[in-house]
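Structure first, then comments.
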């Protein structure tokens with residue numbers, strides 16, 4: 001499978017974020033609701049983890065929730081900032097997807 005292929009196309013279902021990282025999924029949903037991004041918040045429960053970031057930063061916990069793009073993300077892509085709670089779940093490298 002190439003990095004840009006959707007694993008679902010291969011008969012494999014990527015794991016749900018809420019199953020692998022339930023605290024992160026909950027916090028993400030709360031942060032999006034607090035930012036009045038209710039439509040995005042409603043989609044958190046269906047997010048899947050397609051692959052982990054391949055950078056060499058040991059503190060990076062980033063992952064793809066869709067097939068990786070072939071090249072740069074398009075002009076319709078948005079990056080949403082949020083303030084994690086005191087648990088700091090959103091920035092916890094110990095929860096890196098394996």
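Coordinate-derived values only; no laboratory data. Here the structure is a predicted model, which means the values were calculated and not measured.
Report Rg/Rh for segment 5-75, rounded to two decimals, where Rg is the Cα radius of gyration and Rh the Kirkwood radius.
On the way: Rg = 13.4 Å, Rh = 13.5 Å.
Result: Rg/Rh = 0.99.
Taking Cα centroids, how far is segment 24-43 from segment 47-61 in Å?
Answer, in whole Å: 20.
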